[in-house]
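Trainee: Here's a structure for you.
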Amino acid sequence: MLFASGIVACSPENAPDRDPALARDHYSFANVEHFVTDHLHLVLRVDFEREVLRGTAILRMRQLDPDAREIVLDTRDLTIESVVVATDPSGPLDTEFELGETDAYLGTPLAIRLPDAAADADAVTVTIYYETSPDSTALGWLPPELTAGGEHPFLFSQSQAIHARSWIPLQDTPAIRINYSARVHTPPELLAVMSADNVPDVERTGVYEFEMPQPIPSYLMAIAAGNLHFAAIGDDTGVYAEPELLEASASEFADTQAMFETAEAMFGPYQWGRYDLLILPPSFPYGGMENPRLSFLTPSLLAGDRSLVSVVAHELAHSWSGNLVTNKTWRDGWLNEGWTSYLEYRLMQVIYDEDRAAEENLLNYEELLLNFERIDPKYQALAPRITELDPESGQGTIAYHKGNLFLQYLEHAYGREIFDQFITDYFSDFAFQVITTEDFVDYLDQRLLSVHHGILTREQVERWMYEPGLPDDAVIPTSRNLDDAAELAAMWSRGEVDAAELPVADWSAQTTIHFINALDPDLSTEKLVEIDRTLGLSDTKNAEIGRTWFIQVAKRRHEPAYEQMAEHLRKFGRVRLIRPIYVALAENGHDMQLARELFDAARGAYHPIANAYIGPVFEDDDAVE
Ligand code: BES
Ligand code: ZN
């Protein structure tokens with residue numbers, strides 16, 4: 001889903017890194033140069049029968065341009081019942097509003113005309129009575145049979161990148177930050193939680209009040225409701241899950257408190273109060289989402305051996321990179337995801353050990369190389385000089401892994417002591433602000449490049465920002481364990497070592513993944529059956545091992561494992577775990593039809609975001625990336 005147009009012309013007098021078009025948000029209709037929201041209050045009723053949220057959004061807005069007479073908000077598939085504008089002191093005024101033309105990707109602008117009586121007000125309060133659609137792209141509505149307990153329905157949101165507008169009419173851009181409060185009505189036996197001040201032992205009444213006192217960008221608005229219960233992990237940390245998953249979750253994520261304390265020691269104070277985890281049903285489309293105070297997580301992390309908890313380290317790290325210092329536009333997404341991947345790597349080194357962190361680092365680097373093969377070079381820059389790029393998929397995981405390697409490059413050049421000081425200064429200097437790539441490069445120049453002369457030049461840094469691929473002087477990850485596993489994969493493929501002799505008992509999940517990826521491309525069916533049996537691949541409890549294996553199964557048309565592959569595709573809704581398998585089937589030259597049938601059978605249980613990512617795999621050849 002890449003946009004072809006939107007390349008910004010460069011000319012010497014119009015240096016592209018200072019082009020104001022690059023600092024604008026091209027994914028929002030909101031006129032934030034005229035009005036900005038300071039506070040949002042929501043009153044919402046969760047209607048599981050009709051699969052809608054119904055209620056009121058009250059936006060308190062400041063007027064920046066005294067001549068502006070119109071407020072434009074973002075919406076998608078919302079039914080707007082009425083809009084009332086009020087000012088101090090005039091009170092509620094008759095207000096006209098109009099929904100504009102719908103853009104398939106951006107949604108529908110809601111234009112609100114300010115009555116003349118509001119002309120001199122500095123601040124206005126806009127009250128919108130509305131209802132979401134059952135097709136809201138943010139909301140997953142699950143019938144009881146798609147939950148762990150099977151008895152109660154479940155609702156969850158996913159607002160990043162531009163889906164908040166499909167459940168709240170608002171200025172849906174990371175360029176501004178808002179405080180919010182909310183009252184949520186649910187069936188009385190259920191609990192609602194939000195990206196706000198959840199109270200672990202709150203009484204179940206069906207009416208829940210929330211407050212988010214720290215200002216956040218709109219993509220961090222989040223809600224979930226279901227048969228949720230709470231278990232404490234440490235003083236500051238805990239987990240919400242359905243009771244059936246609560247014990248397993250508390251044990252899988254038992255290291256969260258230690259991660260929290262390590263993160264504070266390394267990155268500066270945690271600014272958000274509590275840090276809790278929410279375990280969602282399998283249709284949650286991501287591994288994790290950094291909703292402030294309450295990271296949302298896929299249950300596919302429950303491997304039983306804490307092998308996939310780097311996702312928790314990642315979402316926790318977003319409490320600094322992303323939630324505290326936020327990308328101003330989606331083009332600057334690497335400031336969120338690249339920084340967070342680097343902080344995740346640093347946390348994993350401390351909480352676990354260097355070997356495990358090195359293994360994950362090398363796997364990520366290999367994924368980056370695959371991305372470079374498939375993604376158009378003009379999208380391979382960390383901050384491409386373009387104005388239109390699908391903020392959710394255009395860059396694959398380049399912002400994550402290339403961003404991470406860039407920060408490792410800085411760490412390597414300046415040494416840990418200097419770079420660690422830079423990290424804490426950065427988070428404290430930009431706390432609760434939004435910045436662009438160019439703001440970051442200026443700051444880096446001032447605080448590091450110009451202070452410690454002769455180490456790195458601005459040109460070297462800008463190569464990472466604006467050029468495809470990796471610079472020649474990048475520091476390439478290595479891992480002894482993974483090298484050994486690759487060597488064994490080659491030897492076993494050639495018949496030089498027996499499967500029974502492989503030292504699998506010593507292997508981490510990451511080692512197994514690397515071993516699978518290093519198998520000879522031309523193995524016989526018998527050899528594949530043998531390795532599947534020896535390593536228990538098709539029956540693995542580890543969803544990442546399953547993903548890696550079933551990609552190979554689909555690529556190699558290893559039909560003996562197709563039934564288990566189909567089960568994997570039914571069981572998980574996390575895009576990362578399933579989409580590459582559909583792509584491999586669609587590309588293996590034989591199984592397009594099968595892929596389509598499997599998707600049609602499973603898609604009812606997936607989230608709309610997952611369907612939007614996977615659907616194009618079957619539409620035309622160009623969409624297969
Ligand atoms: N913020 C992202 C998820 C996201 C990114 C949603 C872009 C929508 C648009 C989250 O922090 C994330 O990166 N999740 C990863 C975790 C992994 C890299 C450890 C995921 O879901 O795979
Ligand atoms: Zn992330």
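Trainee: Within the set of pairs 6 or more residues apart or between chains, which connect a residue that is touching a residue at least 12 places away in the same chain (Cβ under 8 Å) and within 12 Å of ligand 2 (Cβ to nearest atom) inside segment 318-331 to a residue that is open to solvent by 10 Å² or more (accessible area, probe 1.4 Å) and assigned to a strand (DSSP E or B) with Cβ atoms less than 8 Å apart?
Mentor: Close Cβ pairs satisfying both conditions: Asn327/Val434.
Trainee: Which residues, counting only those in segment 269-282, are part of a loop (DSSP other than H, G, I, E, B) and either open to solvent by 10 Å² or more (accessible area, probe 1.4 Å) or charged (D, E, K, R) (or both)?
Mentor: Residues of segment 269-282 part of a loop (DSSP other than H, G, I, E, B): 269-274, 280-282.
Within segment 269-282, Pro269, Tyr270, Gln271, Gly273, Arg274, Pro282 qualify.
Trainee: Quick one: which of Leu410, Leu405, Leu343, Leu362 is within 12 Å of ligand 1 (Cβ to nearest atom), in contact with a helix residue (DSSP H, G or I) (Cβ under 9 Å, 6 or more places away or on another chain) and at pLDDT 95 or above? First the steps, then the outcome.
Mentor: On the way: Leu410 fails: within 12 Å of ligand 1 (Cβ to nearest atom); Leu405 fails: within 12 Å of ligand 1 (Cβ to nearest atom); Leu362 fails: within 12 Å of ligand 1 (Cβ to nearest atom).
Going through Leu410, Leu405, Leu343, Leu362 in turn, just one is within 12 Å of ligand 1 (Cβ to nearest atom), in contact with a helix residue (DSSP H, G or I) (Cβ under 9 Å, 6 or more places away or on another chain) and at pLDDT 95 or above: Leu343.
Trainee: For segment 361-398, give me each residue that is within 22 Å of Ile614 (Cα to Cα), β-branched (Val, Ile, Thr) and away from ligand 2 (no atom under 16 Å from the Cβ).
Mentor: Ile375
Trainee: Being open to solvent by 10 Å² or more (accessible area, probe 1.4 Å) and either among the charged types (D, E, K, R) or away from ligand 2 (no atom under 16 Å from the Cβ) (or both) narrows it down to one of Glu337, Glu290, so name that one.
Mentor: Details: Glu290 fails: open to solvent by 10 Å² or more (accessible area, probe 1.4 Å).
Exactly one residue qualifies, and that residue is Glu337.
Trainee: Please state which of the following conditions Leu382 fails to meet, knowing it meets all the rest: (1) of a type outside the set (S, T, N, Q); (2) at pLDDT below 95; (3) in contact with a Phe, Trp or Tyr (Cβ under 8 Å, 6 or more places away or on another chain).
Mentor: Unmet condition: (2).
Trainee: Would you say Arg204 is touching a strand residue (DSSP E or B) at 6+ places or on another chain (Cβ under 8 Å) and either open to solvent by 30 Å² or more (accessible area, probe 1.4 Å) or part of a loop (DSSP other than H, G, I, E, B) (or both)?
Mentor: Details: touching a strand residue (DSSP E or B) at 6+ places or on another chain (Cβ under 8 Å): yes; either open to solvent by 30 Å² or more (accessible area, probe 1.4 Å) or part of a loop (DSSP other than H, G, I, E, B) (or both): yes.
So Arg204 passes the test.
Trainee: Right, another one. Looking at (1) surrounded by fewer than 20 Cβ atoms within 10 Å (Cβ to Cβ); (2) in a loop (DSSP other than H, G, I, E, B); (3) at negative phi, which is the one condition that is false for Arg306?
Mentor: Of (1) surrounded by fewer than 20 Cβ atoms within 10 Å (Cβ to Cβ); (2) in a loop (DSSP other than H, G, I, E, B); (3) at negative phi, only one is false for Arg306: (3).
Trainee: Continuing with the same structure: Kindly list the number of the only condition in (1) in contact (Cβ under 8 Å) with a residue 60 or more places away in the chain; (2) more than 23 Å from the chain's Cα centre (by Cα) that fails for Phe572.
Mentor: Unmet condition: (2).
Listed here are the residues, each with its yes/no results for (1) over 30 Å from Asn227 (Cβ atoms); (2) within 14 Å of ligand 1 (Cβ to nearest atom).
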position	(1), (2)
Leu277	no, yes
Arg306	no, no
Asn323	no, yes
Asn336	yes, yes
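Trainee: Mind listing whichever residues of segment 363-374 are surrounded by fewer than 20 Cβ atoms within 10 Å (Cβ to Cβ) and hydrophobic (A, V, I, L, M, F, W, C)?
Mentor: Once the filter is applied, which keeps residues that are surrounded by fewer than 20 Cβ atoms within 10 Å (Cβ to Cβ) and hydrophobic (A, V, I, L, M, F, W, C), segment 363-374 yields Leu369, Leu370, Phe372.
Trainee: Then there's this: In the list Phe440, Phe427, Phe422, which residue meets the criterion of being aromatic (Phe, Trp, Tyr) and in contact with a Lys or Arg (Cβ under 8 Å, 6 or more places away or on another chain)? Steps first, please.
Mentor: Values: Phe440 fails: in contact with a Lys or Arg (Cβ under 8 Å, 6 or more places away or on another chain); Phe427 fails: in contact with a Lys or Arg (Cβ under 8 Å, 6 or more places away or on another chain).
Step by step, each of Phe440, Phe427, Phe422 is checked, and only Phe422 is aromatic (Phe, Trp, Tyr) and in contact with a Lys or Arg (Cβ under 8 Å, 6 or more places away or on another chain).
Trainee: Of the numbered conditions (1) over 23 Å from Leu44 (Cβ atoms); (2) open to solvent by 70 Å² or more (accessible area, probe 1.4 Å); (3) within 33 Å of the chain's Cα centre (by Cα), Tyr105 satisfies every one except a single condition; which is it?
Mentor: Evaluating Tyr105 over (1) over 23 Å from Leu44 (Cβ atoms); (2) open to solvent by 70 Å² or more (accessible area, probe 1.4 Å); (3) within 33 Å of the chain's Cα centre (by Cα) leaves (2) as the failure.
Trainee: When you go through Glu496, Glu438, Glu467 one by one, which is the residue that is farther than 30 Å from Asp353 by Cβ, open to solvent by 30 Å² or more (accessible area, probe 1.4 Å) and touching a residue at least 24 places away in the same chain (Cβ under 8 Å)? Talk me through it step by step, then tell me what you get.
Mentor: On the way: Glu496 fails: touching a residue at least 24 places away in the same chain (Cβ under 8 Å); Glu438 fails: open to solvent by 30 Å² or more (accessible area, probe 1.4 Å).
Being farther than 30 Å from Asp353 by Cβ, open to solvent by 30 Å² or more (accessible area, probe 1.4 Å) and touching a residue at least 24 places away in the same chain (Cβ under 8 Å) holds for just one of Glu496, Glu438, Glu467, which is Glu467.
Trainee: Scan segment 524-546 and report the pairs whose first residue is over 14 Å from Gly304 (Cα atoms) and whose second residue is outside any helix (DSSP H, G or I), with Cβ atoms within less than 6 Å and a gap of 6+ or a chain change.
Mentor: Leu528/His558; Asp532/Ser538; Gly546/Thr540
Trainee: Considering each residue of segment 141-178, count those that are outside any strand (DSSP E or B), open to solvent by less than 10 Å² (accessible area, probe 1.4 Å) and either within 21 Å of Arg54 (Cβ to Cβ) or among the polar types (S, T, N, Q) (or both), and give that number. If you could, list the steps in order and put the result at the bottom.
Mentor: Filtering segment 141-178 down to residues outside any strand (DSSP E or B) leaves 143-153, 158-169, 171-177.
Narrowing further to those that are open to solvent by less than 10 Å² (accessible area, probe 1.4 Å): 158-159, 161-162, 164-169, 171-174.
When the remaining residues are screened for being either within 21 Å of Arg54 (Cβ to Cβ) or among the polar types (S, T, N, Q) (or both), the result is 158-159, 164-169, 171-173.
Matching residues across segment 141-178 total 11.
Trainee: Run Val350 past the list (1) more than 10 Å from ligand 1 (Cβ to nearest atom); (2) open to solvent by less than 10 Å² (accessible area, probe 1.4 Å); (3) not charged (D, E, K, R) and report the number of the one that doesn't hold.
Mentor: (2)
The values are calculated or read from the model by the stated rules, or taken from the named source; none is laboratory data. Just so you know, these numbers come straight off a predicted model, no measurement behind them. Cβ sites come from the backbone with ideal geometry, for glycine too, and all protein chains shown count toward neighbours. Surface accessibility is based on the protein's heavy atoms, side chains included, excluding ligands, DNA and RNA. Shrake-Rupley method; radii C 1.70, N 1.55, O 1.52, S 1.80 Å.
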